[in-house]
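Participant: First the structure, which I've put down as structure tokens, then a few questions once you've had a look.
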Amino acid sequence: MSTLEIKDLHVSIDTEQGTKEILKGVSLIIRTGETHAIMGPNGSGKSTLASTIAGHPRYNVTSGSITLDGENVLDMSVDERARAGLFLAMQYPVEVPGVSMTNFLRTAKTAIDGEAPKLRTWTKDVKAAMAQLRIDADFTQRNVNEGFSGGEKKRVEILQLELFKPKFAILDETDSGLDVDALKVVSEGVNRAHDEGNMGTLLITHYTRILRYIKPDFVHVFVEGKIVDQGGAELADRLEDEGYDRYAPGAGVAVAPAAAAE
Amino acid sequence: MTEITEEKARIGAPSQPFINGFTEEGENLSPINTSESKAPLAGEAVKAHSHGGGVGIPDSSRAGRLTSYKLADFAPLTGMEEDWRFTPLKRLRGLHSDVLKGTAPAVDITAPEGIIVETVGRDDARIGSAAIPEDRVSANAWENFSEATVITVPEEHQATGEIMVSIEGSGLEASAQHFVIIAKRFSKAVVVLDHRGTAVVAENVEILVEDGAQLTVISLQEWTDDSVHASSQQAKLSRDAKFKHIVVSLGGDLVRLTPSARFSGPGAEAELFGLYYADAGQHLEQRLFVDHAVPNCKSNVLYKGALQGRNAHAVWVGDVLIRKEAEGTDTYEANRNLVLTDGARADSVPNLEIETGLIAGAGHASATGRFDDEHLFYLMARGIPEKVARRLVVRGFLNEIISQIKVPALEERLTEAVERELAASEN
């Protein structure tokens, strides 16, 4: 049983116009076995939260903390965070020319586990996971994400999720740009990983569509760098009907932060 | 990923921050190339001396370049010439100005059965059969070499292994060297020019690929840090010939290669590949010329380079000319540079001249990118430590060229050499 705890997190970025605060005090606790959905309009800071947890150098944490089972995540380098059990499925996975998928997957698995995977079972695992996500076998010969379509890139992110078996998976708008079939395939992959029982999931999304396939235990509404509302799966249904307008400044709805979901 | 270099300064010429007429197109840079100039090599003089172009071809055309066996036909270099503007002449150690009377690097050839290897004098009829010097250093080498090595693959002979030509330098006195490689009709062979040791040498390599012959020439430069090497490697391709040329430049203070492929019969194919890895202070230059003078030939050029360290400088200039007669030509050239640290400089100039529209295809591309922080983030976010991530990327980047060599022992040796270069960047 693991716990990822985010406490009063403030994050800013450097822009040409100066420093801009994006996260203005975010607190969240995720435990193994839980699925949390973070929903919010564009520009609310959802993706910043994901990238900050993973340690992207663009984001500066000005105050607050992130801990994984009590260990200070903010003290860890990007690769250390991954080895500690955090996994970020990226919104826009980059193409890495010159590095084959086979080589990449094996190198990453070796780094995360601290030892090389047994060749025979590893090859079999990769093949099986690819088949379930309906990724063509010849992808292993291609360079990381090179020439993959948007949907293929997302599937390959989930392939990594299934193979690396993290303690916490952060899915940054994994559903965006997917057609219904791809969305189902990707969601099934996340559910398979989740059902093994050793993972907590933070699902960041703009739309409620993916929540038909991945059932959240908690839904947090993110507006202007803060969590302004939280609840169970039923909150997602309400967002589906009403949108985010009611949370807009001046909309007349109380937007005081709800109590932390503990 | 592509970055356009704003900086126009040339390494080696700090007092002269700009070069007149410097443009990304790389044409008409030097005043002596313009027709208004009264310089001895300009305007009409260029045409008069040209063996390829002649009347009606503008001076800016690659076809109009002076070619001659005589050193005296080439004016002393000033560094302003289009084809020398990137080269630090001071570091040429006299290859462009001195009589090359030093001892040429020792040649030792291991050849499989059936290959004819001869050492011949300057008067041998085969000398000059494939090449005419195109620049002053090449002409200087031509005037000064004392004996030439001629390697012949007999007609219809299929060589059973590669022809290893060890070229081992043992001193810094400026010297001249000459090779002639002839692949007779329908023969097949791989020749490896393995340049090592310490040398200051200007070299001419003439390559004749006769009808239907398949020849691969691999030129490896693993010189010591103080060596200087200028090499003109000119290939003449007959009907249906298949020629593959691979350059790997790793060691040397200044290495300047000018490979060319000239089509003289239809149906021929040329592939020109290159890999260079420039470290701090190294100048690695390659200037290519593919001359589509006849119809229905194919060419493909790919050079990839990695640069690291202060004043590491790589230059790639690729000239492809599709003459009016060369209908049905299919050509592509590309250069990719990966800049690994601050302080390195890559110049890349792809030139494509097309004189007929009746071609199958013609393309050129160039990209110079930094090792991207987003690549690094992606790999590290999967648990891969920074050092390992960098190695993964560089190894993968350069492996595309190494894998073209198809001589396992050589591929292994070069992979290890690249690993050593990579390890050096971590110090």
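Participant: Do the conditions hold for A:ILE66, that is, is it within 28 Å of A:VAL26 (Cβ to Cβ), more than 14 Å from every other protein chain (Cβ to nearest Cβ), touching a Leu at 6+ places or on another chain (Cβ under 7 Å) and touching a residue at least 12 places away in the same chain (Cβ under 8 Å)?
Facilitator: It is true that A:ILE66 is within 28 Å of A:VAL26 (Cβ to Cβ), more than 14 Å from every other protein chain (Cβ to nearest Cβ), touching a Leu at 6+ places or on another chain (Cβ under 7 Å) and touching a residue at least 12 places away in the same chain (Cβ under 8 Å).
Participant: What is the residue count in the range B:407-419 for residues that are open to solvent by 10 Å² or more (accessible area, probe 1.4 Å) and within 14 Å of another protein chain (Cβ to nearest Cβ)?
Facilitator: The total comes to 1.
Participant: A:ALA131 passes all but one of (1) out of contact with any Phe, Trp or Tyr (no Cβ under 9 Å at 6 or more places or on another chain); (2) at the interface with chain B (Cβ under 10 Å from one of its Cβ atoms); which number fails?
Facilitator: Failed condition: (2).
Participant: Whether any residue in the range A:139-150 is in contact (Cβ under 8 Å) with a residue 12 or more places away in the chain, β-branched (Val, Ile, Thr) and open to solvent by 20 Å² or more (accessible area, probe 1.4 Å) is what I want to check.
Facilitator: Yes: the range A:139-150 contains one or more residues that are in contact (Cβ under 8 Å) with a residue 12 or more places away in the chain, β-branched (Val, Ile, Thr) and open to solvent by 20 Å² or more (accessible area, probe 1.4 Å).
Participant: For the range B:102-147, what are the residues that are closer than 26 Å to B:GLU81 by Cα and either among the small types (Gly, Ala, Ser) or modelled with pLDDT under 95 (or both)?
Facilitator: Result: B:GLY128, B:ALA130, B:ALA131, B:SER138, B:ALA139, B:ALA141.
Participant: From the list B:GLU325, B:GLU400, B:GLU412, exactly one residue is modelled with pLDDT under 90 and more than 26 Å from A:VAL78 (Cβ to Cβ). Which is it?
Facilitator: When all the criteria are applied, what remains is B:GLU400.
Participant: Which condition does B:TYR332 not pass, out of (1) touching a residue at least 40 places away in the same chain (Cβ under 8 Å); (2) within 24 Å of B:GLY357 (Cβ to Cβ); (3) in contact with a His (Cβ under 9 Å, 6 or more places away or on another chain), if it passes all the others?
Facilitator: It fails just one condition, (1).
Participant: Also: Examine the range B:285-294 for a residue that is under 25 Å from B:GLU374 (Cα atoms), aromatic (Phe, Trp, Tyr), open to solvent by less than 10 Å² (accessible area, probe 1.4 Å) and touching a residue at least 12 places away in the same chain (Cβ under 8 Å), and state whether such a residue exists.
Facilitator: No, the range B:285-294 contains no residue that is under 25 Å from B:GLU374 (Cα atoms), aromatic (Phe, Trp, Tyr), open to solvent by less than 10 Å² (accessible area, probe 1.4 Å) and touching a residue at least 12 places away in the same chain (Cβ under 8 Å).
Participant: Still on this structure: Looking at A:SER27, A:SER44, A:SER51, which one is surrounded by 15 or more Cβ atoms within 10 Å (Cβ to Cβ), out of contact with any helix residue (DSSP H, G or I) (no Cβ under 7 Å at 6 or more places or on another chain) and within 13 Å of chain B (Cβ to nearest Cβ)?
Facilitator: From the options A:SER27, A:SER44, A:SER51, the qualifying one is A:SER51.
Participant: If you don't mind, another one. Evaluate the range B:357-375: report whether one residue or more is crowded, with 20+ Cβ neighbours inside 10 Å and in a helix (DSSP H, G or I).
Facilitator: Looking through the range B:357-375, at least one residue is crowded, with 20+ Cβ neighbours inside 10 Å and in a helix (DSSP H, G or I).
Participant: Give me the pairs: first residue in the range B:379-406 and more than 7 Å from chain A (Cβ to nearest Cβ) and within 11 Å of A:VAL99 (Cβ to Cβ), second residue of a type outside the set (Lys, Arg) and open to solvent by less than 10 Å² (accessible area, probe 1.4 Å), beta-carbon distance under 6 Å, and six or more apart or on different chains, which are they?
Facilitator: B:ALA389/B:LEU379; B:ARG391/B:LEU422; B:VAL394/B:ALA306; B:VAL394/B:LEU422
Participant: If you don't mind, another one. I'm checking my understanding of the structure. Among residues of the range A:71-99 that are within 8 Å of chain B (Cβ to nearest Cβ) and open to solvent by 30 Å² or more (accessible area, probe 1.4 Å), which one is farthest from B:GLU374 (Cα to Cα)?
Facilitator: A:ARG83
Participant: Considering only residues of the range B:105-117 that are in contact (Cβ under 8 Å) with a residue 60 or more places away in the chain and over 20 Å from the mean Cα position of the chain (by Cα), which is most open to solvent (accessible area, probe 1.4 Å)?
Facilitator: Among those that are in contact (Cβ under 8 Å) with a residue 60 or more places away in the chain and over 20 Å from the mean Cα position of the chain (by Cα), it is B:ASP108.
Participant: Residue by residue through the range A:100-122, note down the ones that are more than 11 Å from every other protein chain (Cβ to nearest Cβ) and over 18 Å from B:GLY396 (Cα atoms).
Facilitator: A:GLU115, A:ALA116, A:PRO117, A:LYS118, A:LEU119, A:ARG120, A:THR121, A:TRP122
Participant: Filter the range B:156-209 for residues that are within 30 Å of B:GLY94 (Cβ to Cβ) and polar (S, T, N, Q); which is nearest to the chain's Cα centre (by Cα)?
Facilitator: The qualifying residue nearest to the chain's Cα centre (by Cα) is B:ASN204.
Participant: Being open to solvent by less than 10 Å² (accessible area, probe 1.4 Å), away from chain B (no Cβ under 11 Å) and farther than 22 Å from A:LYS124 by Cβ is the filter here, so list the residues in the range A:155-171 that pass it.
Facilitator: Hits for the range A:155-171 are A:PHE168, A:ALA169, A:LEU171.
Participant: While we're here: State the number of residues belonging to the range B:172-184 that are open to solvent by 30 Å² or more (accessible area, probe 1.4 Å) and touching a residue at least 40 places away in the same chain (Cβ under 8 Å).
Facilitator: Of the residues in that region, 2 qualify.
Participant: If you go through the range B:120-139 one residue at a time, how many are under 25 Å from the mean Cα position of the chain (by Cα) and not in a loop (DSSP other than H, G, I, E, B)?
Facilitator: So the answer is 4.
The values are calculated or read from the model by the stated rules, or taken from the named source; none is laboratory data. These figures come from a predicted structure and were not determined experimentally. Reconstructed Cβ throughout: ideal geometry from the backbone, glycine too, with neighbour counts over all protein chains shown. Only protein heavy atoms, including side chains, enter the accessible area calculation; ligands, DNA and RNA are left aside. Shrake-Rupley method; radii C 1.70, N 1.55, O 1.52, S 1.80 Å.
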